[in-house]
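The structure appears right after this line, and notes come after that.
The values are calculated or read from the model by the stated rules, or taken from the named source; none is laboratory data. Worth saying up front: this structure is predicted, and the values here are computed from it rather than measured. The area values use the complete protein model at the heavy-atom level, side chains included, leaving out ligands, DNA and RNA. Shrake-Rupley method; radii C 1.70, N 1.55, O 1.52, S 1.80 Å.
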Amino acid sequence: MFVSNRSTRYKGWFEFSEERNENLKQEIKQQPKDYILNVNEAEYRTYLFEKFRFEPLQLHEESMEIQPPRQKEHKIDEEDRSRFWRSRFYWECSIACQVNGSTELWGILPTVFSLGGRPEFAISGSKITFQFTIQSRDPEEFNREKNSALHALRSHVEAINNNVASFNAELPARVSRKFSELKDDYIKENSFFAAINVAQNPNAPRTYSVPKIEKRPAIHRPTVTAKSYSPDPTVDVKAYQDIIECLTRFGLSAERKPSLYVGKDEEALRDLFLMQLEVAFTGGTVTGETFNRSGKTDILLKNTDGTNLFVGECKVWKGAKHYLEAVSQLLEYLTWDDSKTALLVFVKSVSLSTVIEAVKQTTLSHPSVVRFVGIRGDRFLQFTFKLPQDDQKHVAVEVMIFHFDKEAEGRV
């Protein structure tokens, strides 16, 4: 017979998974506000998923190592021995197997389990050693008890892996929700602080590197990621993300303050974004209505060496035809070195959803569009285009849609 762990108090799956979820929540919560507001969301969410997901268990029976059984003596008196045991002796058997996965899962009681329990076991590194006893030196009894113990371990692996699969499948949405809830709260807090002129820390970091998950169990944070490498002359990915994030935060904040945009035309709205970029980025120049290749672009950020960091165009939504002309205009402004840009669309109509869908479908009809990359935050659409003057040169264009509701004029 194998010695079960019925007397051991195993932690149940529900209690265990809730602790994991709470640890995830605390991991996000303990980060500084500036980290949450400035870190690359996609990279940080991937990091959290890799850190908090479970590796399914694997039991490699082909690696089985059988230790010589050890003779033991029953610690009972003669009367009890004659009643319960055929012999004064029994044999303790130990078998070791290689295992993979999150080893803590061996000590968790799955939602579906056998009342027969599991054999006594110990985990050391990537090896599990389990034990059972036999009452005589009988090969048939040994194999019967061994197979019974293995069956119990297989059942545990199957049951706990079912729980793991469900947990891992739900984890990305849970990570996204918990991160977004905290970030949205910080954005609202900063918007409130800005509205009442609370001074912000000018020395706070603007960007953060995301820790990396390597093969378990080691979890390492990188020392520094200074600059993204590309064989083509392109703006650094981090710099582009910083610019986009700056425009996003300001635009969303401005939407909640009608006094900022009511009665303002396209040029005046552009100046609001220019002012924000001038405050946020130092060491270069931020200009509007500046010549770049074949025309004057609305927003142009230049580095100290004179190279372009960012080219942007601003347009009030006036329908699909006008929008396509704006896209073509933006592409005409770009040089071969301009790899990342944005088109800011100011919507003054009430129905934002209609405009978002129209922008997506209209953009896909443009002759220079290569593909739709994805959508960020429900209304920031990302596309890849080819330059009109060079089909082999691709550029990233993010269409940023902001709702400056004309009906707000009656509420101000």
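Taken as Cα centroids, the stretch 90-129 and the stretch 325-369 sit 58 Å apart, rounded to the nearest whole angstrom. Each residue of the stretch 311-317 was assigned a 3J(HN,Hα) from its phi angle through the Karplus curve 6.51 cos²θ - 1.76 cosθ + 1.60 (θ = phi - 60°); the sequence is 10, x, 10, 10, 9, 7, 5 Hz, with glycine and proline shown as x. When the Cα atoms of the stretch 96-170 are aligned to their principal axes, the ranges along those axes come out at 49, 27, 14 Å in descending order. Pairs with C-alpha atoms separated by more than 18 Å, drawn from the list LYS318/LYS360; LYS340/LYS393; LYS183/LYS360; LYS51/LYS178; LYS302/LYS340; LYS183/LYS340, are LYS183/LYS360; LYS183/LYS340. Counting only heavy atoms of the protein chains and using a 1.4 Å probe, ASP378 has close to 130 Å² of accessible surface.
Here the 3J(HN,Hα) profile of the stretch 48-65, calculated from phi with Karplus coefficients 6.51, -1.76 and 1.60 at θ = phi - 60°, is 5, 4, 5, 6, 9, 6, 9, 8, x, 6, 9, 10, 8, 5, 5, 8, 4, 10 Hz, Gly and Pro shown as x.
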